[in-house]
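Q: Before I ask anything, let me first share the structure, which is written out below as structure tokens.
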Amino acid sequence: MSEAPGGSPPVKPYGQPSDQGPDQQESFGQRLALAQRAGGLVAPLLTVLIAFVMGGLVVLVTTGKNPLKTYQAIFDGSGLNWLFPWVTGAERTLAGFNLQQTLIQTTTLILVGLAVAFAFRCGLFNIGGQGQYIVGIIVANWVGVSFVEMSRPLHVLIGIVAAALAGALWAGIAGFLKATVGAHEVISTIMLNWIAIWLGIYLFGQGGPLQGPVPSNPISAEVAESSKIWVFWGHPVLQGLHVGFFLSLAALVVFWLILSRTTLGYEVRAVGYNPDAAAYGGISVKRSYFLAMAISGSFAGLAGGIDMLGYLHRVDVLTIQTSAIGFLGIAVALLGRNTAVGVLLASLLFGALLFGTTRGLDPTVFDPQLAGNLTLIIQGLVVLFVGADLLLLAVWKKRGRLFRRKAPPEEEATPA
């Protein structure tokens, strides 16, 4: 195509993309999609900011307390003020203890968050992290109570590996049903959650096979000393931070390596993007479904095993019934955008909220009972707003399809 007189750029026919003015709706949608994929830090930060602002408004309206002072008390109660060098003396000692408890919570949240995030990357919604976590607790307790003559390193290793395998098998049931008969993983994992809960109630209840030595107490026996995970910061009697924290960090690395550097990870991500296209490319979608759920369950089972051998050491029926840490993994994965770094940061945030609003909170500043509900409010708001960017992109694309005018047929060129 020749240039126009005067050296101006050539005029392209209608319907062809232009260097100066591409279709505005499509270009905006593409830029928004690119921002959603590449700028994955801005949306979570805005989500957390909105959730905290709205939570602060709830505090102000319902209690009349200063939201900033309340959040400062929660921050100090979580022990994060230990990172500041000007915190000294008894205040620093208390902050160190609180931070140990926060990191214990963070350890569990990292693993249950990975259990949800890995399945998400395959297009699956693993809502059964709680059941897989409970199964891990059950198996780890059984291993910890048994084999008391075993050496400590081997006993700990067998306990956490057995818990991870139990979680993998439990989630693998849902993956197998999804792959063979097409049973939706949300329904099957919810049912498996209840099965795990009632299994724990039976095993640790009165007369149960794993009940402790006191017949009147529906609680398990305490695991042997040889099966307890080592504490590296703090006092073991006071629930110091154990080595399981480093195992959760290693799980983050494993999560990233599997998805980014292995054939299995490529297949999982391909199935998550488009299962039909993946099948056309020769990838076994059924195999990916099963393996993705099994790997997800291993993370949640590992969380249960580490908690049992790390600081719980025994579990009662009431804890089995009321625990909801596995469900919080959904919020962690959503806020973390299903990435290793995102899951780590989201776990630290929720871990700080869990401990900072309960046992670590100064009751003279804010009632810990009300603060626990504030944590639930913030969690709910995070889940509510975390998909706002995805909703905006979907609405904009729908608008483009509805209002984009059909291009007129290209006119036939007339001879000069």
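The values are calculated or read from the model by the stated rules, or taken from the named source; none is laboratory data. Just so you know, these numbers come straight off a predicted model, no measurement behind them. Heads up, the Cβs are rebuilt from the backbone with ideal geometry, glycines too, and the neighbour counts pull from every protein chain shown. Just so you know, the surface numbers come from the protein's heavy atoms only, side chains and all, with ligands and any DNA or RNA stripped out. Shrake-Rupley method; radii C 1.70, N 1.55, O 1.52, S 1.80 Å.
Q: Does Gly372 satisfy the criteria of being in a helix (DSSP H, G or I) and either under 26 Å from Asn66 (Cα atoms) or modelled with pLDDT under 90 (or both)? Spell out the reasoning first.
A: Numbers: in a helix (DSSP H, G or I): yes; either under 26 Å from Asn66 (Cα atoms) or modelled with pLDDT under 90 (or both): yes.
So Gly372 passes the test.
Q: Residue pairs, Cβ under 6 Å, 6 or more apart or interchain, first in the range 45-74 and in a loop (DSSP other than H, G, I, E, B), second among the β-branched types (Val, Ile, Thr). List them.
A: Pairs that qualify, where the first residue is in a loop (DSSP other than H, G, I, E, B) and the partner is among the β-branched types (Val, Ile, Thr), are Lys65/Val59.
Yes or no, residue by residue, for (1) open to solvent by 40 Å² or more (accessible area, probe 1.4 Å); (2) not in a helix (DSSP H, G or I):
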{"site": "Ser260", "(1), (2)": "yes, no"}
{"site": "Ile283", "(1), (2)": "no, yes"}
{"site": "Ile320", "(1), (2)": "no, no"}
{"site": "Leu334", "(1), (2)": "yes, no"}
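Q: Check off (1) open to solvent by less than 10 Å² (accessible area, probe 1.4 Å); (2) closer than 18 Å to Arg314 by Cβ for Leu109 and give me the number that stays unchecked.
A: (2)
Q: To continue, here is another question. Of the residues that sit in the range 97-141 and are assigned to a helix (DSSP H, G or I) and of a type in the set (Phe, Trp, Tyr), which one is nearest to Leu80 (Cα to Cα)? Don't jump to the end; show me each part of the working.
A: From the range 97-141, those assigned to a helix (DSSP H, G or I) are 97-121, 129-141; that's our starting set.
Right, trim to of a type in the set (Phe, Trp, Tyr) and you get 97, 118, 120, 133.
On the way: Phe97: 10, Phe118: 29, Phe120: 30, Tyr133: 27 Å.
Once the filter is applied, the top-ranked residue is Phe97.
Q: Hey, another quick one. List the residue pairs whose Cβ atoms are under 9 Å apart, where the first residue sits in the range 164-178 and is without any contact (Cβ under 8 Å) to a residue 12 or more places away in the chain, the second is open to solvent by 50 Å² or more (accessible area, probe 1.4 Å), and the two are 6 or more positions apart or on different chains.
A: Between residues of the range 164-178 that are without any contact (Cβ under 8 Å) to a residue 12 or more places away in the chain and residues that are open to solvent by 50 Å² or more (accessible area, probe 1.4 Å), the close pairs are Leu177/His184.
Q: Additional query: If a residue must be open to solvent by 10 Å² or more (accessible area, probe 1.4 Å), in a helix (DSSP H, G or I) and closer than 22 Å to Ser298 by Cβ, how many such residues does the range 336-347 contain? Explain how you work it out, then say what you get.
A: Looking only at the range 336-347, we keep the residues that are open to solvent by 10 Å² or more (accessible area, probe 1.4 Å), and these are 337-342, 344-345.
Within this subset, residues satisfying the condition of being in a helix (DSSP H, G or I) are 340-342, 344-345.
Filter again for closer than 22 Å to Ser298 by Cβ, leaving 340-342, 344.
Number satisfying all stated conditions: 4.
Q: Quickly run through the range 146-193 and pick out the residues that are open to solvent by less than 70 Å² (accessible area, probe 1.4 Å) and assigned to a loop (DSSP other than H, G, I, E, B).
A: Ser146, Met150, Ser151, Gly182, Ala183
Q: Going by what's in this entry, would Ile330 be described as surrounded by fewer than 24 Cβ atoms within 10 Å (Cβ to Cβ), modelled with pLDDT under 95 and closer than 30 Å to Val223 by Cα? Show your work before the answer.
A: On the way: surrounded by fewer than 24 Cβ atoms within 10 Å (Cβ to Cβ): yes; modelled with pLDDT under 95: yes; closer than 30 Å to Val223 by Cα: yes.
When the stated conditions are applied, Ile330 passes them.
Q: Looking at Phe125, Phe147, which one is modelled with pLDDT under 95 and under 20 Å from the mean Cα position of the chain (by Cα)?
A: Details: Phe147 fails: under 20 Å from the mean Cα position of the chain (by Cα).
Just a single option satisfies the conditions, and that option is Phe125.
Q: Based on what the data block shows, is Ala324 more than 30 Å from Ile74 (Cα to Cα) and open to solvent by 10 Å² or more (accessible area, probe 1.4 Å)? Steps first, answer last, please.
A: Working: more than 30 Å from Ile74 (Cα to Cα): no; open to solvent by 10 Å² or more (accessible area, probe 1.4 Å): yes.
Here the answer is no, as Ala324 does not meet what is asked.
Q: Considering each residue of the range 34-54, count those that are at pLDDT 85 or above and in contact with a Leu (Cβ under 6 Å, 6 or more places away or on another chain), and give that number.
A: Number of matching residues: 2.
Q: OK, next. Name the residue that is nearest to the chain's Cα centre (by Cα), counting only residues in the range 208-244 that are modelled with pLDDT under 90 and among the small types (Gly, Ala, Ser).
A: Residue satisfying both the conditions and the ranking: Gly234.
Q: Still on this structure, please answer the following. Only residues in the range 144-157 that are acidic (Asp, Glu) count as the first member; pair them with residues that are at pLDDT below 95 and open to solvent by 80 Å² or more (accessible area, probe 1.4 Å), Cβ under 6 angstrom, at least 6 apart or cross-chain, and list the lot.
A: Close Cβ pairs (under 6 Å, with a partner that is at pLDDT below 95 and open to solvent by 80 Å² or more (accessible area, probe 1.4 Å)) do not exist here.
Q: Checking the conditions here, which among Gly360, Gly387 is over 28 Å from Ala117 (Cα atoms), open to solvent by less than 40 Å² (accessible area, probe 1.4 Å) and at pLDDT below 85? Reasoning before the result, please.
A: Working: Gly387 fails: over 28 Å from Ala117 (Cα atoms).
Within the list Gly360, Gly387, the selection yields Gly360.
Q: Okay, next question. Is it the case that some residue within the range 198-207 is open to solvent by 30 Å² or more (accessible area, probe 1.4 Å) and over 22 Å from Ala324 (Cβ atoms)?
A: Among the residues of the range 198-207, at least one is open to solvent by 30 Å² or more (accessible area, probe 1.4 Å) and over 22 Å from Ala324 (Cβ atoms), which makes the answer yes.
Q: Still on this structure, please answer the following. Can we say Ser248 is polar (S, T, N, Q) and farther than 29 Å from Thr93 by Cα?
A: The answer is no for Ser248.
Q: Kindly provide the set of residues from the range 360-386 that are under 17 Å from Ser347 (Cα atoms) and free of Cβ contacts under 8 Å to residues at least 12 places away in the same chain, ordered by number.
A: Correct list: Leu376, Gly380.
Q: Going by what's in this entry, would Gly129 be described as at positive phi and open to solvent by less than 10 Å² (accessible area, probe 1.4 Å)? Before you say what the answer is, go through the steps one by one.
A: On the way: at positive phi: no; open to solvent by less than 10 Å² (accessible area, probe 1.4 Å): yes.
Answer is no for this residue.
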